[in-house]
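The values are calculated or read from the model by the stated rules, or taken from the named source; none is laboratory data. Bear in mind that the values here come from a model prediction, so they are computed numbers and not experimental data. So basically every Cβ, Gly included, is an ideal-geometry build from the backbone, and we count neighbours across all protein chains shown.
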Amino acid sequence: MGATEKLRVGVVGLGMGSQHIAAYQSLPDYFEVVAVCDLDPQKARETAQKFQIPAFHTSFSELCQRDDLAIIDLCTPPALHFSQIKAALAAGVHVVCEKPLVGSLQELDELKRAAQQANRVIMPIFQYRFGHGLQKLKYLQAQGLTGQTYLSTVETAWRRRPEYYAVPWRGKWKTELGGTMASHAIHTLDMLTYIVGPVKEIFAFTTTRVNPVEVEDCVSISMQMADGSLASLSATTGSTVQISRHRFCFSNLTAESNLRPYTNSGDPWSFTGDTDELTTQIEQALAGFVPLPESLTGQFYRFYRALLQGEPLPVSLDDARAALELLTAIYYSAYTNRCVSLPLEDDHPFYGGWVSHFS
Ligand SMILES: NC(=O)c1ccc[n+]([C@@H]2O[C@H](COP(=O)([O-])OP(=O)(O)OC[C@H]3O[C@@H](n4cnc5c(N)ncnc54)[C@H](O)[C@@H]3O)[C@@H](O)[C@H]2O)c1
């Protein structure tokens with residue numbers, strides 16, 4: 001990287017926000033975190049000290065009044081994202097925001113209009129996309145080596161104990177916006193559609209059995225994809241052994257992820273050709289794979305190149321909309337005990353969100 005324009009960032013919400021700061025700081029030629037913000041003054045001060053950030057704020061509106069920011073990065077509880085994104089756009093900055101982005105397609109469509117009017121970008125976080133294992137599969141797919149998709153299976157088997165839900169916003173529809181599907185398996189679902197494309201029909205069962213919370217903590221989903229292949233996804237917060245797993249069965253190869261719960265998109269993945277000849281072709285093709293940064297650093301690296309060098313956004317608002325449309329369909333299926341066809345139109349009963357139906 002040569003000398004470049006640095007983008008000045010303010011990070012809000014200093015739980016997950018600390019990981020965002022570390023990722024920006026690992027790209028010092030591209031970004032400079034100049035301010036942090038948290039309602040908790042001690043957290044704000046200590047985080048600024050720890051990462052040597054010159055300013056901290058305890059008021060989000062005060063942060064928005066700064067005139068030196070190019071980006072505001074939101075790592076606040078989900079129910080705050082919608083109003084904070086709108087306020088950040090009104091302040092004239094680009095916005096990075098954690099998942100789930102918002103709680104309805106209606107809000108997302110409103111944000112799309114607001115971003116267009118402000119001529120600014122909203123980049124949702126889906127950092128699992130950038131692991132080298134998943135990127136290798138994307139690369140093989142682009143080379144035409146995977147063939148037809150048959151069946152994809154996805155497991156998000158994590159463990160969350162009562163301490164996790166001691167944080168007041170978690171476990172409640174109105175503040176978390178959903179359970180393990182919206183908060184955890186949204187990443188592994190995004191990885192599925194990143195490879196296989198849109199979903200055509202979905203049937204979902206959800207239940208709450210692990211912790212005494214309002215939101216779902218066990219999910220089982222069956223999908224027919226738009227390309228005609230089938231997929232299943234299961235998620236729980238009750239797995240003593242934590243894993244995330246993807247297995248894609250294509251006509252030319254089977255791809256299997258590693259099982260690390262939070263980095264299963266990274267190496268190693270196995271790619272087994274359906275014949276010895278295909279396996280050799282896969283190995284030869286992978287010799288040309290050029291690894292870029294992974295995880296949050298990988299997403300921010302590509303974000304910079306999108307903003308300043310005209311490359312495509314690594315995760316777009318349309319990507320977040322696709323994930324949100326699936327969440328809407330999943331909750332509608334679970335609510336009605338029916339199979340749901342996609343896409344969902346703006347007269348769908350859950351277009352305005354699902355939270356009011358469950359809480
Ligand atoms: N991408 C991932 O892998 C990943 C992992 C964990 C969390 N998250 C997401 O990050 C977000 C935050 O989750 P978390 O686990 O860090 O939560 P958290 O409760 O640990 O941290 C949230 C912080 O936001 C602060 N806050 C709340 N309201 C605020 C306001 N109005 N202004 C400024 N600060 C405010 C709180 O004081 C708290 O410090 C959620 O959207 C969550 O889904 C993403």
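Couple of notes before you dig in:
- In summary, Leu39 fulfils each of the numbered conditions (1) within 24 Å of Gly171 (Cβ to Cβ); (2) within 20 Å of the chain's Cα centre (by Cα) with the single exception of condition (2).
- Residues satisfying the stated conditions in the stretch 47-65, i.e. small (Gly, Ala, Ser) and over 17 Å from Leu80 (Cα atoms): Ala48, Ala55
- Any hit, the stretch 271-279, residues being out of contact with any Ser or Thr (no Cβ under 8 Å at 6 or more places or on another chain) and within 19 Å of Thr156 (Cβ to Cβ): no
- Filtering the stretch 1-34 to residues that are of a type in the set (Lys, Arg) and either within 18 Å of Glu98 (Cβ to Cβ) or assigned to a loop (DSSP other than H, G, I, E, B) (or both) leaves only Lys6.
- Set side by side, the residues Leu145, Leu80, Leu101 differ, and just one is part of a helix (DSSP H, G or I) and out of contact with any Asp or Glu (no Cβ under 8 Å at 6 or more places or on another chain), which is Leu80.
- Hey, Glu201 more than 16 Å from the ligand (Cβ to nearest atom), over 19 Å from the mean Cα position of the chain (by Cα) and not in a helix (DSSP H, G or I) or not: yes
- The set of residues in the stretch 157-175 being in contact (Cβ under 8 Å) with a residue 60 or more places away in the chain and away from the ligand (no atom under 12 Å from the Cβ) consists of Ala157, Arg159, Lys172, Trp173, Lys174.
- For the stretch 14-50, a tally of residues being among the small types (Gly, Ala, Ser), touching a helix residue (DSSP H, G or I) at 6+ places or on another chain (Cβ under 7 Å) and within 10 Å of the ligand (Cβ to nearest atom) returns 1.
- Residue match in the stretch 176-192 (condition: in contact (Cβ under 8 Å) with a residue 12 or more places away in the chain and either more than 16 Å from the ligand (Cβ to nearest atom) or part of a strand (DSSP E or B) (or both)): yes
- Flag for Thr180 being polar (S, T, N, Q), surrounded by 17 or more Cβ atoms within 10 Å (Cβ to Cβ), closer than 30 Å to Lys86 by Cβ and under 16 Å from the mean Cα position of the chain (by Cα): yes
- The stretch 243-259, residues that are over 17 Å from Met191 (Cβ atoms) and surrounded by fewer than 18 Cβ atoms within 10 Å (Cβ to Cβ): Ser251
- Selection status of Tyr262, surrounded by fewer than 19 Cβ atoms within 10 Å (Cβ to Cβ), at pLDDT 95 or above and not charged (D, E, K, R): yes
- Residue, surrounded by the most Cβ atoms within 10 Å (Cβ to Cβ), within the stretch 51-80, restricted to residues that are within 11 Å of the ligand (Cβ to nearest atom) and acidic (Asp, Glu): Asp73
- For the stretch 197-223, the candidate set comprises residues that are of a type in the set (A, V, I, L, M) and surrounded by fewer than 21 Cβ atoms within 10 Å (Cβ to Cβ); within that set, the residue that is nearest to Glu155 (Cα to Cα) is Val210.
- Some residue of the stretch 273-280 being modelled with pLDDT of 95 or more, hydrophobic (A, V, I, L, M, F, W, C) and in a helix (DSSP H, G or I): yes
- In the stretch 204-257, the qualifying residues are those that are more than 18 Å from Ile330 (Cα to Cα) and aliphatic (A, V, I, L, M), and the one that is farthest from the chain's Cα centre (by Cα) is Leu253.
- Of all the criteria given as (1) surrounded by fewer than 21 Cβ atoms within 10 Å (Cβ to Cβ); (2) closer than 30 Å to Leu344 by Cα; (3) within 10 Å of the ligand (Cβ to nearest atom), the one not satisfied by Leu101 is (1).
- Beta carbons closer than 8 Å, at least 6 apart along the sequence or on distinct chains, pair a first residue in the stretch 120-136 that is free of Cβ contacts under 8 Å to residues at least 60 places away in the same chain with a second that is within 15 Å of the ligand (Cβ to nearest atom) and of a type outside the set (Phe, Trp, Tyr) for Arg120/Val95.
- Any hit, the stretch 72-81, residues being modelled with pLDDT of 95 or more, under 20 Å from Ala306 (Cα atoms) and among the β-branched types (Val, Ile, Thr): yes
- Output for the stretch 81-92, where each listed residue is under 22 Å from Gly15 (Cα atoms) and surrounded by fewer than 23 Cβ atoms within 10 Å (Cβ to Cβ): Phe82, Ser83, Gln84, Lys86, Ala87
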